[in-house]
Amino acid sequence: MTAETTPANAVLTIDLAAVVANWRLLQRLVAPAACAAVVKADAYGLGVAPVARALHRAGCRTFFVACLAEAVALRPHVADSAIYVLAGVPPGCEDAFVRHQLRPVLNSLIDIAAWRGFANRTASAPPVAIHFDTGMSRLGLPPDEAARVRDEPDRLDGVAVACVMSHLACADQPDHPLNARQQAAFAGLRQRWPGVQMSLAASSGIFLGPAWHGDLCRPGLALYGGAPVPGRTNPMTQVVDLRARILQVREIDPGWSVGYGATHHARRRATIATAGVGYGDGYLRSLSNRGHGYIGDIRVPLVGRVSMDLITFDASAVPAALLAPGTEVELIGPHIGIDAVAADAGTIAYEILTSLGGRYRRVYRGGVDGPSERDAATGADADGLEANGGR
Ligand SMILES: *Cc1c(COP(=O)(O)O)cnc(C)c1O
């Protein structure tokens, strides 16, 4: 059996056409600004190669990743595109940025000084982004360092600045006062950097309005179907679908318990359906006694603890004729979006996506060569798009 034909306990389907539709929607929203794509953390767990290739074919030409290793892995899939590395240059790794034509994000005076020395020794040093901290206190030049760059411009001699960026701390809370403060600081930067591409907004920031758009937006989560504005109707198309197979079905009597720690007791006779997914697949243990699935259109509460490889549902509401080993249970899909799973788990959709595990059978659909699974798996432009762990 090959990886593609080995039966898996669960199938994770990733809709590349939906990723592209989301990117196009955001691009229309932010025009005339450009829309980049943030594909760090393996494109939020969805597979950086197929995701970036689909976006590149759709016209995306600027990509952001967190670290150098991600950028090197991304480069062959998006020739001729700008790739920014948010964490900047690891010590002594400048040459890799030249070799792969990667753009470091410089986050401090120390970063700038090191790159300036390198750029002045190196003919083909790529351009950079400079990140100013306007309220996140995480990465980027804090205000005192920003003032020194302003007052001592020779610090940038020989450094080609292609982009000036900042990052919003509270963009998912539209009424938060920090949004306006960061926007004002960004507007100040904009005046000081005429002709340089300015970038502020990630997914949520795009929905704050045009004053936050600058010249280049940097969405991640919204591309992958996450709600950019919590509590409002999600305008994005769902990308992820996760279905598990029921392995076994049993009836339990009142008083019987389910799972480790006996944390759930049946109050009446109940039907328990066990599926082969667990926290070893990134199905978070915090979903114990809180998650839910769907069998057909019927909601089935997750009962008992999530264990490493198994979860248990109270399927008493499902007609017996529809319930047997092999029956499919929807864990993420049309009835349960990633934000709903996140709410059940007490976390955010980002963590649901980046936790998606390596044991699922992964199927990519909606690649440009055709909408079917077969095309995604075997298409000429789809190098190994379907494989367990083939991401
Ligand atoms: C992760 C990240 C993004 C993307 O954020 P989303 O909320 O997923 O859109 C943009 N910019 C920076 C600096 C980031 O770290």
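Our summary gives the chain a relative contact order of 18 percent, counting only alpha carbon pairs under 8 angstrom and 6 or more residues apart.
Residue-normalised convex hull volume from the C-alpha trace of the range 17-224: 112 Å³ per residue. Could you work out Rg/(2.2 N^0.38 Å) for the chain, with Rg from alpha carbons only? In units of the globular-protein estimate, the chain measures up at 1.11.
In this calculation the C-beta distance from Ala73 to Ser257 is compared with R0 = 56 Å, giving a FRET efficiency of 0.75. Of all the options Leu141, Leu221, Leu322, the one that moves most in a Gaussian network model of the chain with Cα springs shorter than 10 angstrom is Leu322.
Taking amide H atoms as placed 1.01 Å from N in the peptide plane, the amide H of Gly304 lies under 5 Å from those of His264, Asn289, each 5 or more residues away in sequence or on another chain. Normalised by the number of residues in the range 266-347, the average gap of Cα pairs under 8 Å and 6 or more apart makes the relative contact order 32 percent. Each Lys and Arg Cβ is given +1 and each Asp and Glu Cβ -1; about its Cα centre, the chain then shows a dipole of about 260 debye. Given a Förster radius of 30 Å and the C-beta distance between Arg232 and Leu178 as r, what FRET efficiency does 1/(1 + (r/R0)^6) yield to the nearest 0.05? In this case the efficiency is close to 0.95.
For Cys35, the residues whose amide H sits under 5 Å from its own are Cys217, ignoring neighbours fewer than 5 places away on the same chain, with H placed 1.01 Å from N.
Taken together, the values in this text are just the output of simple stated rules run on the coordinates, not laboratory data. Here the structure is a predicted model, which means the values were calculated and not measured. Here the Cβ is made from the backbone with ideal geometry for all residues, glycine too, and neighbour counts use every protein chain on show.
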